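One structure is given below, encoded as structure tokens.
Every read-out reported here was derived from the displayed coordinates using simple, explicitly stated rules and does not represent laboratory data. Quick caveat, the model's predicted, so the values are computed rather than measured. Glycine gets a Cβ as well: all are built from the backbone with ideal geometry, and neighbour counts include every protein chain shown.
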Amino acid sequence: MTKYISPREKRNFYFGLSGQNLVYSLIGSSFFSFFMTDIAIFPPLTVTVLVLIMKIWDGINDPIVGSWIDRHTFKNGEKLRPFLRYTPLPVGIFTVLMFIVFPSDKLWVKVAYFMIMYICWDLAYTFQDVSMWGITACVSPDSNERDVFVQWARTIGSCVFAVGSAGIPMALEMVANMLGRSLAFMTVVFAVIFGLGGAMMAIRCKEAQERIHPEPEKRQQTLWESFKIVFSNRMLMLVTLSNLLGAVGFGGSMVVYFFKYEIPANFLGENSIIGALGLTTIYGIITGVPGTLGMFFADKLKKWCKSYVNALILMQALNLIVRIIAFFIGFEGNRLWLALIIIGLGNIPMGANSIAQTSIFCDSIDYMEYKTGKRTEGITFSIQTSFTKISSGITLGLTTLALHLLHYHAIEDAPNAVYVGTQSAAFDSWIWPLIILTPALASLLYIIPLLFIRYTPEERKKVETELKRRREEAKTIDI
């Protein structure tokens with residue numbers, strides 16, 4: 001069997017992908033909401049409105065970017081790789097600028113500055129992210145080789161994101177406590193190190209090669225045609241709907257507030273420099289790290305379940321069960337550790353979630369080329385990027401809305417401060433159920449659209465064989 005992707009190409013792409021995930025670990029994790037409410041000190045309701053505006057922008061921006069990428073090529077015939085070369089620097093710069101709290105007593109000025117920086121960051125990041133994941137669909141004409149490439153890309157990217165989103169806030173807090181500096185100052189320092197630094201690492205993704213090039217006459221000609229093709233992509237739409245429904249699991253974004261206001265400051269011992277952000281990291285390690293095992297066995301999980309769709313259903317069902325068990329265990333005393341361990345064990349197969357989704361998206365691109373003759377890497381992965389950000393926005397919006405309804409009020413950090421008992425009775429009563437049970441509800445809703453996907457391994461093989469025949473025929477005609 002012909003191998004198209006060289007080891008050097010893989011190493012460079014995975015290294016660059018790691019850098020991009022360091023950047024996103026500052027923005028795509030619960031730390032981002034904590035930054036807005038407890039560091040920038042935006043009121044929770046203001047954050048909810050901000051998130052709504054941000055996600056409306058994402059919904060408009062991302063598909064247009066993806067469609068534009070599909071409809072244009074550079075002089076060398078490529079449509080994706082050049083963006084991997086030119087987008088990292090602006091992504092890094094705007095990441096740093098976004099985490100600077102504008103020095104003004106007027107809330108609207110601080111909010112306006114933040115929104116301008118976010119819009120600029122998001123536009124640059126969208127071009128980069130769509131190109132980065134779009135190239136995984138055309139890096140090899142062999143779907144099995146592509147699956148392995150995607151599996152390792154998602155595994156490495158997810159591991160770096162998990163470590164970054166958990167470890168960076170913890171390190172930030174510990175360094176701030178040791179040096180006696182504010183979290184606002186240290187956030188900017190860490191944004192330079194991991195935001196700008198990670199973005200510069202991401203430039204190595206440009207080494208990945210585009211090996212599948214659509215014929216110019218079969219390229220989409222208009223924005224409407226791009227949307228028409230992608231919205232007729234049944235597999236893509238159903239998985240996307242699952243992700244949107246899964247966004248109701250916003251409780252995971254409230255973990256940092258749980259540890260700050262419900263767990264005693266001396267939980268890990270007197271004079272500990274590990275605070276709410278550090279405890280959130282420990283939570284993430286116990287519940288999330290086991291998922292890395294699932295990444296390494298994604299292919300075996302697919303074979304055992306007969307398809308990645310069935311594997312996704314199994315993952316979500318297990319998550320639903322273990323979270324219900326964890327809820328009834330509770331968090332009083334050492335029960336907290338047992339509840340977290342139960343969730344972690346149930347999350348082992350969940351590690352393959354992003355791998356399964358990306359493989360399904362790549363299959364859907366092949367299938368739409370089979371049906372229409374047109375490839376849609378740009379618009380397909382822009383839809384994925386858009387709805388991923390919209391889902392995270394729904395999660396963040398529901399988080400801050402819940403905080404508002406629970407009468408939450410932010411308290412600025414002070415060394416060795418005791419925060420237990422400082423929030424409302426509603427907050428104290430509902431924080432644990434929201435953290436544990438909303439992700440269980442999300443898993444239940446996530447499963448429903450997947451039940452309507454009908455794409456068998458036999459049909460996948462037929463599509464790949466036919467596309468290979470067409471490409472060989474096109475080469476013969478060109479000669």
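Structure notes:
- Sorted by Cβ density within 10 Å, fewest first, the residues Leu84, Leu444: Leu444, Leu84
- Note on Lys110, Lys228: ascending count of other Cβ atoms within 10 Å places them as Lys228, Lys110, the fewest first.
- Cα long-axis angle, helix 276-288 against the chain (0 to 90 degrees, to the nearest 10): 40
- Pairs beyond 26 Å (Cα-Cα), from Lys302/Lys461; Lys374/Lys468; Lys10/Lys55; Lys79/Lys389: Lys10/Lys55
- Here is the list for the range 24-109: trypsin sites (Lys or Arg not before Pro) lying in DSSP coil, each with at most 12 other C-beta atoms within 10 angstrom of its C-beta, are Lys75, Lys106.
- Gyration tensor (alpha-carbon) shape descriptor, the range 235-384, a/c threshold 1.5: prolate
- Cα long-axis angle, helix 353-372 against the chain (0 to 90 degrees, to the nearest 10): 30
- Between the exposed loop cleavage positions of the chain, defined as GluC sites (Glu not before Pro) in a non-H, G, I, E, B DSSP state with at most 12 neighbouring beta-carbon atoms within 10 angstrom, the longest gap is 1-269.
- Only helices enter this figure: runs of n ≥ 4 DSSP H residues, each worth -39500 (n - 2.57), summed and divided by the residues of the chain, yield -23000 deg cm²/dmol at 222 nm to the nearest 500.
- Loop-resident chymotrypsin sites (Phe, Trp or Tyr not before Pro) (DSSP state other than H, G, I, E or B) in the range 57-96 with no more than 14 further Cβ atoms inside 10 Å of their Cβ: Phe74.
- For the pair Ser6 and Thr465 in one chain, pulling the backbone fully straight at 0.36 nm per residue adds 162.9 nm over the alpha carbon distance.
- Relative to the dominant Cα principal axis of the chain, helix 377-405 is inclined by about 20°.
- Cβ-based net charge around Gly28, under 14 Å, with every Lys or Arg adding one and every Asp or Glu removing one: -1
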